[in-house]
Structures are given as structure tokens and as C-alpha cells.
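**Q** Handing you this structure, nothing more for now.
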Amino acid sequence: LPPLPSRAVHHLRMIAREAVTNALKHANADRIRLSLSLEEAGLKMTIADDGCGFDPAAPRGRTAGHFGCIGIEERCDKLGASVCWRSAAGKGTVVEIRLPLPLPLDTLSSSPAP
């Protein structure tokens, strides 16, 4: 993989952490697989679990303890990345992040969010 700015690494790490936390806390997953690959258009990060799944089309509210998907979307926006959830009841969840490379200049110059 190409070297990435620390801001991008930070956001990718926090996205992965949140996806894994969601799989453990909400999906009761037994297995979680994280993969990174370099594609023609950029970097792809995939987090897949074998948990209970959910409806990705359902509205995401800001109820106590349920900011994970919203936080992932916000971090992707900051990076210029896209996120896609594939899930169904009883079928687990796949979170796919696509980060175009090279990164836009505004991504390179900003400091990481806390």
C-alpha cells in the first residue's frame, strides 16, 4: 500500500475500530474479517462479520449509544471516501470503504479530528 498522510490513517483506523465495535456490541459476531486492498481507483477497506445483520436502509437516529454508522459516514466525508453497508437479518454485515487515490489536497493538509 502507498504511504498515506497521518490524517487519513487516523480516520481509517477509527472507521475500522467503530465497525469492529458495532460487530461485537450490536451484531454478536463470532468472526470479523478486516481487509485492505489497492485497486485501480484507490484503497478499499472491508470489514465483514458473521453477526445478526441489520437493515442498512433503516433511518439512523442519534439515540444513546448508536452513533457508529453516522460517525463512519462523517469520517468518510472528511476523507472524500465512500461507504457502503451490505447486510441482511441473520446474514452478517459487510462495511466497504473506498478511498480514492491520490488524496485530494484538502485531505492532506488538515489535522486529524479527535
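**Q** Could you pull out every one of the lysines with an alpha carbon less than 18 Å from that of Lys44, ignoring same-chain neighbours closer than 8 positions?
**A** Lys78
**Q** Taking the full set of protein chains and a 1.4 angstrom probe, give the accessible area of Ser37 in square angstrom, rounded to the nearest 10.
**A** 40
**Q** Provide the per-residue ³J(HN,Hα) series for the stretch 23-35, in order, calculated from phi with Karplus coefficients 6.51, -1.76, 1.60 and θ = phi - 60°, each as a whole number of Hz, with x at glycine and proline positions.
**A** Residue by residue, the stretch 23-35 yields 4, 6, 7, 9, 9, 6, 6, 8, 10, 9, 10, 10, 9 Hz.
**Q** When Lys and Arg each count +1 and Asp and Glu each count -1, what net charge do the other residues less than 13 Å away from Lys44, Cβ to Cβ, add up to? Working shown, then result.
**A** Numbers: positive: Arg98; negative: Glu39, Glu40, Glu96.
Computed value for this residue: -2.
**Q** Okay, moving on. So what does log10 I(q)/I(0) come out to for the stretch 11-92 at q = 0.13 Å⁻¹, using the Debye formula with one equal point on every Cα and no solvent?
**A** -0.40
The values are calculated or read from the model by the stated rules, or taken from the named source; none is laboratory data. All of these numbers come straight from a predicted model, not from anything done at the bench. Please note: Cβ atoms are built from the backbone with ideal geometry, for glycine as well, and neighbour counts cover all protein chains shown. The area values use the complete protein model at the heavy-atom level, side chains included, leaving out ligands, DNA and RNA. Shrake-Rupley method; radii C 1.70, N 1.55, O 1.52, S 1.80 Å.
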